[in-house]
1. Which of these, B:Ser111, B:Ser28, B:Ser72, has the largest mean-square fluctuation under a Gaussian network model of chain B (Cα springs below 10 Å)?
2. Using a Gaussian network for chain B with springs between C-alpha atoms less than 10 Å apart, which of these wobbles most: B:Pro386, B:Pro12, B:Pro280?
3. Taking only Cα atoms, what is the 0 to 90° angle, nearest 10, from helix A:151-161's long axis to the longest principal axis of chain A?
4. Do the alpha carbons of any pairs in B:Lys341/B:Lys417; B:Lys341/B:Lys399; B:Lys276/B:Lys417; B:Lys130/B:Lys399; B:Lys130/B:Lys341; B:Lys130/B:Lys276 sit beyond 22 Å of each other, and which pairs?
5. Excluding ligands, DNA and RNA, what is the accessible area buried between chains B and A, summed over both sides, using a 1.4 Å probe, to the nearest 100 Å²?
6. Could the peptides B:112-121, B:296-305 be put in order, highest first, of the mean number of other beta-carbon atoms found within 10 Å of their residues?
7. Mind running the shape call on segment A:45-101? Use the C-alpha gyration tensor, a ≥ b ≥ c as the square roots of the eigenvalues: rounded below 1.5 for a/c, prolate if a/b tops b/c, oblate otherwise.
8. Which percent of the accessible heavy-atom area of chain B goes to carbon and sulfur, probe 1.4 angstrom?
Amino acid sequence: MDWSELQDARLAVITELASRAPGGHIGRTALMKFCYLLQIVRGVSLGYRFTLYSYGPFDSSVLSDLSTAETLNAVQSNLTYYPGGYGYQIRQGEHANSALEAGQDFLNRHRGSIDWVLREFGSHGSADLELESTIIYADREAARRSETLSIELLAQRVRDVKPHFVEEYIRGKASQLADKGLLKACRNSVSAR
Amino acid sequence: MDPHRIYEIRCPVHGFVALNDWERRIISHPAFQRLRRIRQLAWTDQVYPGAMHTRFEHSLGVMHTATLLYDSIVRNAKDVLSRELGYDDAGFRRNRQLVRLAALLHDAGHSPFSHASEELFPDQENGEGKYGHEQYSAAIVRGPLRGAVEEHKLNQGNYGFTADDVASLIEGSAGAKQGIFWRDLITGQMDADRMDYLLRDSHHAGVQYGRFDLHRLISTVTAIPGVGGEPPRLGIEHGGWHAAEALVLARYFMFTQVYFHKTRVAYDIHLREALKELLPGGHFPAPTPGELEEFLKWDDWRVLGLLAEGNGGEHGERLSSRRHYRMVYQTNEIQTETDRKKLARVREALGELVAAEMPAGRSWYKRDDTDIAVYRNFGGQRTVAPLSDHSNVVRNLGKNDQILVYCLPERKQEAAKKVEEAIHGLE
């Protein structure tokens with residue numbers, strides 16, 4: 001894929017996610033983590049380079065592409081406030097169809113993966129998405145080093161990064177991800193112990 | 001030698017950069033000294049002749065700036081950090097030193113001429129795209145620099161850092177543990193890297209575009225408490241939002257006037273193509289134990305030597321004779337559907353006359369998101385809002401999606417005529 005095709009593909013995926021998200025809108029955290037899950041878990045070649053921050057895997061290029069999608073009116077973002085913070089509601093824009101058409105072949109190839117991410121993670125809140133994607137990130141790092149981890153050890157590593165979560169909660173989330181077959185270094189909660 | 005001695009190095013931007021004996025030993029290592037032979041802005045001196053500075057001085061500047069930011073955040077939000085990350089005084093001292101080392105070494109893995117040649121990094125074996133320079137930096141810290149990082153008395157007696165601790169923070173790995181919170185100071189929206197490079201690049205290029213109120217920005221940077229299970233995040237106190245606005249504008253001006261200058265971009269294209277001729281297999285060695293040593297042999301001197309011997313092919317010749325590609329068409333910075341259609345017509349009319357295209361979004365210096373959090377605590381009433389909610393300028397500063405189209409210099413007239421015919425009546 002050349003640069004222009006990749007750009008069309010990314011804009012189409014962003015537009016599709018915003019258009020089909022539960023409630024008709026998606027937040028920035030959800031958009032970031034859905035792109036991460038699509039690329040890393042489902043192998044959708046979006047060409048992002050995610051690295052870890054305290055708020056989970058992140059690549060500023062996703063927000064850069066979101067900004068392009070906003071300029072083209074493929075999506076529109078509205079600022080919303082909540083106690084102690086703010087967020088964005090990203091919805092389908094007036095020219096969504098142009099973006100979807102430009103990346104139609106790519107979308108058709110990966111429609112199953114987009115269905116999957118929205119089905120499995122579409123209803124999760126920002127904090128949970130940050131945690132779940134961090135668990136997967138730590139798991140993939142271990143897998144690259146050919147390590148086998150127990151749920152406990154994986155949860156401990158994630159807690160080191162996200163100390164504001166209690167370890168039991170992280171273990172529960174990691175077990176759920178393992179049971180769904182989404183972890184590589186930590187296949188399930190029993191065999192790796 | 002007194003391990004507690006403090007040294008100072010002159011810096012054209014910050015005055016003096018102070019360093020301890022441990023950091024001085026790291027800087028003296030050949031793997032770090034290599035940065036003296038890697039220019040910060042590649043061939044930008046062809047447009048701005050003063051821009052000959054190196055990654056070496058920038059790395060020192062980033063360490064200095066990261067320290068100022070760290071100290072200010074601790075001053076402004078010690079309670080937040082103590083409560084949410086559990087730091088005591090030893091924890092604050094430890095993380096300060098970790099941030100300094102990561103900032104100092106974050107660019108150790110740059111290839112010759114910095115970002116201009118990054119597209120020639122090889123693909124990763126796990127299918128996750130090309131390696132990035134941070135992965136090279138981390139590999140150098142874990143490899144050749146391991147001894148210099150781990151074996152100094154100041155480390156052994158006070159911190160006990162491993163090379164992995166520093167490398168994990170640079171590359172963004174779970175091994176950074178709770179220190180990952182500080183990664184935004186190394187690479188993030190308001191990181192020490194961009195604060196330093198905007199000022200340094202402006203200084204050496206002889207332009208004013210990258211200037212902003214560094215000290216006001218630093219004095220107002222803070223940690224904002226997390227809500228709803230989210231971690232604390234970096235942001236700016238309300239009193240500093242104009243300084244943050246100026247940072248955003250500085251990035252915009254530097255991008256349009258320096259980093260994405262049409263001639264500078266042309267030189268990046270030629271350098272990349274010439275390097276394909278010079279590098280075995282057309283790409284750099286990987287940041288793996290078997291290839292890292294070979295990678296470290298690549299610096300600007302070696303590339304310039306090979307180009308001087310005529311080994312860079314057609315593009316090497318264009319670099320040395322200044323017969324670089326000429327820009328024949330540029331889109332608007334903010335593209336509409338009409339702009340896209342116009343570009344399509346230009347491409348069709350030019351056909352094989354298009355020698356290269358460069359979209360702003362592909363540039364390493366592209367202006368990313370500007371969503372800096374602004375924190376206000378007014379009589380116990382705490383609010384957080386994005387910078388764009390305060391600043392009309394930032395709110396309306398759309399993303400630059402400009403595309404530059406180039407042709408051969410010898411066919412510039414022919415190409416320009418075709419462009420004029422293609423867009424006639426569409427302006």
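1. B:Ser28
2. The residue with the greatest mean-square fluctuation here is B:Pro280.
3. Compared with the principal axis, the helix lies near 60 degrees.
4. Values: B:Lys341/B:Lys417 19 Å; B:Lys341/B:Lys399 19 Å; B:Lys276/B:Lys417 32 Å; B:Lys130/B:Lys399 25 Å; B:Lys130/B:Lys341 32 Å; B:Lys130/B:Lys276 15 Å.
From B:Lys341/B:Lys417; B:Lys341/B:Lys399; B:Lys276/B:Lys417; B:Lys130/B:Lys399; B:Lys130/B:Lys341; B:Lys130/B:Lys276, over 22 Å: B:Lys276/B:Lys417; B:Lys130/B:Lys399; B:Lys130/B:Lys341.
5. Values: alone 19250 and 9620 Å², together 25130 Å².
Summing both chains' loss of accessible area gives about 3700 Å².
6. Numbers: B:112-121: 21.4, B:296-305: 16.6.
Per-residue Cβ counts within 10 Å, averaged per peptide and sorted highest first, yield B:112-121, B:296-305.
7. Details: a/c = 3.15, a/b = 1.16, b/c = 2.72.
The shape class here is oblate.
8. On the way: 8260 of 17390 Å².
Summing carbon and sulfur atoms, their accessible area is 48 percent of the total for chain B.
The values are calculated or read from the model by the stated rules, or taken from the named source; none is laboratory data. For clarity, every value in this text was computed on a predicted model and none was experimentally measured. Ideal geometry is used to build each Cβ from the backbone, glycine not excepted, and the neighbour counts take in all protein chains shown. Each accessible area value is taken on the protein alone, full model and side chains, heavy atoms only, with ligands, DNA and RNA left out. Shrake-Rupley method; radii C 1.70, N 1.55, O 1.52, S 1.80 Å.
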